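Below is one structure, written out as structure tokens, with a few remarks after it.
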Amino acid sequence: MRKKLVVGNWKMNLVQPQALSLVESLVKKLSATDAVDVAVCPPYTSIAAVVQALKGTQISVGAQNVFWKDSGAFTGCVSAPMLADAGCKLCIVGHSETRGRFGKLEIDADDVGYFAETNRTVNQKIQALLYHSVMPILCVGETLAEREAGQTDSVIQTQLREALQGVDASELGSFSVAYEPVWAIGTGQVCDAKEASRVCGMIRRTLADLYDQQTAEGIRILYGGSVKGSNSKELFSQPDIDGGLVGGASLDPNDFTAIVLSAV
Ligand code: 13P
């Protein structure tokens, strides 16, 4: 039986005093809950302070992105060993907001350089994180145009296959996938729970094809995209949904607590 995991992705929100006030509130509200694994992913600038504030609690801290080289002349980047050193236990990779998959890029594709993730750079990041024992949460998901063209499953299968190239089953003990349909992120338009579960089941079958059934059964598959306290129970009660990756609602201690408790 996989233990459910609920992760708050704060995105580019909260300065340090606000971050500390949010985690202080979460610690009080969630102190009696150990039936669910809980994590928050603050912006880099608050990671150290949040790690310190959550010491001795059951809430883990993660990052929202990573660069795949350990060190070097990569201005503005943060590496996997730096995240591990700062106390991060997990890291989001391949989020549609870092892939630049809002449907269209806001800047010319040729000018994006290192910062628009591709399946190949996501693969490099996963390998770097696993090497440094930071759990990757690999985000996959289709755009609205891809869904409407009937390409949902094939897009996600390609994302999984290419992101996991060269990664051995033995390394996947600490690894999660988040199904985040791009059209459901920040729109209030949550994916129907049955359809989200169907896609998460398809993700598990794809992992079983790439590896084996036992490995696939051990990997937690989360749903993300407009998760709220009002819809999380139905989502988390689906057989193939092992928790959530929560954006906007993770900034509200009451809503995030309700989401976590609905996974119990
Ligand atoms: P929202 O919960 O704000 O839709 O964001 C989801 C998300 O992108 C989590 O990574």
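The values are calculated or read from the model by the stated rules, or taken from the named source; none is laboratory data. Note that the structure is a prediction, hence the values are computed from the model and not measured. With ideal geometry, Cβ positions are generated from the backbone for all residues, glycine too; neighbour counts draw on all protein chains shown. Ligands, DNA and RNA are excluded from the accessible area calculation, which covers all protein heavy atoms including side chains. Shrake-Rupley method; radii C 1.70, N 1.55, O 1.52, S 1.80 Å.
Find how many whole Å separate the alpha carbon centroid of the range 194-254 from the alpha carbon centroid of the range 111-167.
The range 111-167 and the range 194-254 have Cα centres separated by 16 Å.
Could you identify which residue out of THR118, THR158, THR45 has the top mean-square fluctuation in a GNM of the chain using Cα springs shorter than 10 Å?
Highest fluctuation of the listed residues: THR45.
With a 10 Å cut-off between alpha carbons and a GNM built on the chain, which of SER170, SER232, SER25 moves the most?
Largest GNM mean-square fluctuation: SER170.
Could you look at the chain and say what percent of its accessible area is carbon and sulfur, using a 1.4 Å probe and all protein chains? Could the numbers behind the result be given before it?
Details: 6120 of 11970 Å².
Percent of accessible area from carbon and sulfur atoms in the chain: 51.
About its Cα centre, how strong a charge dipole does the chain have in debye, to the nearest 20, once Lys and Arg get +1 and Asp and Glu get -1 at the Cβ?
On the way: 23 positive and 29 negative charges, 127 e Å.
Here the size comes out at about 600 debye.
Sort largest first and round to whole Å: the equivalent ellipsoid semi-axes of the range 1-93, each the square root of five times a Cα gyration tensor eigenvalue.
Values: eigenvalues 115, 49, 23 Å².
Semi-axes (√(5λ), whole Å): 24, 16, 11.
Can you list residues from other chains, or at least 5 along the same chain, whose modelled amide H is less than 5 Å from the amide H of CYS91?
Long-range HN contacts for CYS91: ALA63, MET135, ILE137.
Could you check which residue among GLY166, GLY94, GLY224 shows the biggest mean-square fluctuation in a GNM of the chain with a 10 Å Cα cutoff?
GLY166
Using +1 at the C-beta of Lys and Arg and -1 at the C-beta of Asp and Glu, which of LEU22, THR215, THR121 has the Cα lying farthest in the positive direction of the dipole of the chain?
Among LEU22, THR215, THR121, the one farthest towards the positive end of the dipole of the chain is LEU22.
For PHE67, what residues show an amide H to amide H distance below 5 Å, using hydrogens built from the backbone and excluding near sequence neighbours?
The answer is VAL78, SER79, ALA80.
If I model the range 195-264 as equal point scatterers sitting on the Cα atoms and use the Debye formula, what is log10 I(q)/I(0) at q = 0.19, 0.26, 0.27, 0.29 Å⁻¹?
With no solvent term, the Cα-only Debye profile gives -0.71, -1.05, -1.10, -1.21.
Can you tell which of SER60, GLY224, SER170 lies farthest toward the positive end of the dipole of the chain, using +1 and -1 charges on the Cβ of basic and acidic side chains (Lys, Arg; Asp, Glu)?
Of SER60, GLY224, SER170, it is SER60.
What whole-number value in cubic angstrom gives the convex hull volume per residue for the C-alpha atoms of the chain? Can you show the working numbers first?
Numbers: hull volume 32.5 nm³, N = 264.
Spread over its residues, the Cα hull of the chain gives 123 Å³ apiece.
Excluding ALA196 itself, calculate the net charge of residues whose Cβ lies under 11 Å from the Cβ of ALA196, where each Lys or Arg counts +1 and each Asp or Glu counts -1.
Numbers: positive: LYS194, ARG198; negative: GLU180, ASP192, GLU195, GLU234, ASP240.
Neighbour charge sum, excluding ALA196 itself: -3.
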